[in-house]
1. Quick one: which helices (runs of 4 or more DSSP H) lie wholly within the stretch 175-277 and hold at least 2 residues that are within 16 Å of ligand 3 (Cβ to nearest atom) and not small (Gly, Ala, Ser)?
2. Please find, within the stretch 191-222, the residue that is modelled with the lowest pLDDT out of those that are closer than 19 Å to Val262 by Cβ and among the basic types (Lys, Arg).
3. Where residues in the stretch 142-174 are of a type in the set (Gly, Ala, Ser) and surrounded by fewer than 24 Cβ atoms within 10 Å (Cβ to Cβ), which of them is farthest from ligand 3 (Cβ to nearest atom)?
4. I'm told Thr47 meets every condition in (1) more than 10 Å from ligand 2 (Cβ to nearest atom); (2) under 20 Å from the mean Cα position of the chain (by Cα); (3) assigned to a helix (DSSP H, G or I); (4) β-branched (Val, Ile, Thr) except one. Can you identify the failing condition by its number?
5. Scan the stretch 164-188 and report the pairs whose first residue is at positive phi and whose second residue is part of a loop (DSSP other than H, G, I, E, B) and within 15 Å of ligand 3 (Cβ to nearest atom), with Cβ atoms within less than 9 Å and a gap of 6+ or a chain change.
6. Somewhere in the stretch 10-20, is a residue within 15 Å of ligand 1 (Cβ to nearest atom), hydroxyl-bearing (Ser, Thr, Tyr) and within 20 Å of Gly177 (Cβ to Cβ)?
7. Yes or no: Ile265 of a type outside the set (Ser, Thr, Tyr) and more than 10 Å from ligand 1 (Cβ to nearest atom)?
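The values are calculated or read from the model by the stated rules, or taken from the named source; none is laboratory data. Quantities reported herein were computed from a predicted structural model and do not represent experimental measurements. Cβ placement follows ideal geometry from the backbone for every residue including glycine, while neighbour counts extend to all protein chains displayed.
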Amino acid sequence: MALIVQKYGGTSMGSVERIQNVARRVAKWHAAGHQVIVVPSAMAGETNRLLGLANEISAQPDPREVDMLCATGEQASSALLAMALMSQGVPARSYAGWQVPIRTDSAHTKARVKSIESERLREDLDEGRVVVVTGFQGVDEEGNITTLGRGGSDTSAVAIAAAMGADECMIFTDVDGVYTTDPRVAPEARRMRVISFEEMLELASLGSKILQIRAVEFAGKYRVPLRVLSSLTDPLLPIEEESVSGTLITFEEDLQMEAAVVSGIAFSRDEAKFTLLGVPDKPGVAYSILGPVAAANIDVDVILQNQSVDGTTDFSFTVNRNDFARTYKLLQEQVGPAVGAKEIIPDDNVCKVSIVGIGMRSHVGVASLMFRTLADEGINIQMISTSEIKTSVVIADKYMELAVRALHKAFELDQDPAEKDQE
Ligand code: ADP
Ligand code: ASP
Ligand code: MG
């Protein structure tokens, strides 16, 4: 008997029929003698619908009230799933985050999980029930409902798995695993059978929305075995088959095969770039520009400073596109005049494309193949940033899909590594 946490995303919970299918899948694991905790997302589109309503009422709705509102999506889907399980003869009970409780800090709309009480869930499991716990939400020390950021049900599931010492956390979604890149952008993308935590962490942090980054961080930190797999298989797979399907996210030392040089490609459209032209080049320039930006709680991502030839320099950086207007105002009103910039150039038509792979540590020439591939497509690179296992470029966002597909081909990600070895 194993203790399994299963998370089902919005599409998987998207209709009454799909909820009944989820119940059938959970019933299958329960009937085989496993203890199951299920963590559902809100039904597809529901969180966006609720946020839309909030924005109709106010351009900047109060974050505490946003959490009160958005948490209802998961509460509804959890209750519906518990009912579906019961109607199939499976004893089940659902809980909202505050009832468990799942304790978080008070950072509304992006709260972090601090601790999870396991007692209540354990009692239900021991009495043979399937336990359904709302994804995406918790409660802070003052008893306020909080939410964990978009895509946060992944993190709820992993955190519950860690707190309960589960044998595995299964993330059921609308694709059958983690692909070399988003199959919606490159249909030739290939499913990976395994991927290391480090690579998954980079892919998630560089924009790949298949898993919320905090879920991957949590799973790595607490060594929770994590699997991404499809909830849409019809008919249901037998347990032995399902339990080895999808993509396993595991530790580098456990990977059986030699690491691919580049394992995957991530991209993000949530980027905006600013360039300050003609800034006097002297010690403290970066601090005078980025200090006020950080003080305004705006995250800066890629930074580029040019060599000065005439005592002035050009300074560029990127921020999340949601922070575009705020950053531009800050630069125009405060930073630009203070540092003596001749001109400020805003650009919210950029994107970031990144290649990721632990094999990059031991191979040279990877970045240069990336740059050559983009050059061959006539794509201008505006900024570059590298770390040990990734190289990212900032380019015009109209080229994003072209860049992803060209890089996918150049790094032969469309080919099965096992077959490549035999060539
Ligand atoms: P859920 O609602 O189940 O949480 P998400 O929409 O959050 O599902 O995540 C699944 C989606 O992630 C897929 O439909 C796919 O378009 C996208 N995706 C992005 N990058 C990848 C990738 N590397 N592999 C697989 N899917 C990816
Ligand atoms: N319902 C939330 C969202 O849409 C959380 C999740 O689905 O993971 O972001
Ligand atoms: Mg998701």
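1. Numbers: elements: 197-205, 213-221, 239-242.
Filter on the stretch 175-277 gives 197-205, 213-221.
2. Arg193
3. Only one residue fits best here, namely Gly143.
4. Status for Thr47: all satisfied but (1).
5. As it stands, the answer is Gly177/Ile210; Gly177/Gly246, since those pairs meet every condition given.
6. Yes, the stretch 10-20 has at least one match.
7. Taking the combined requirement at face value, the residue does not satisfy it.
Here is a yes/no grid of residues against (1) in contact with a Pro (Cβ under 6 Å, 6 or more places away or on another chain); (2) more than 24 Å from Pro91 (Cβ to Cβ):
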| position | (1), (2) |
| --- | --- |
| Glu123 | no, no |
| Arg129 | yes, no |
| Val139 | yes, yes |
| Thr173 | no, yes |
| Gly177 | no, yes |
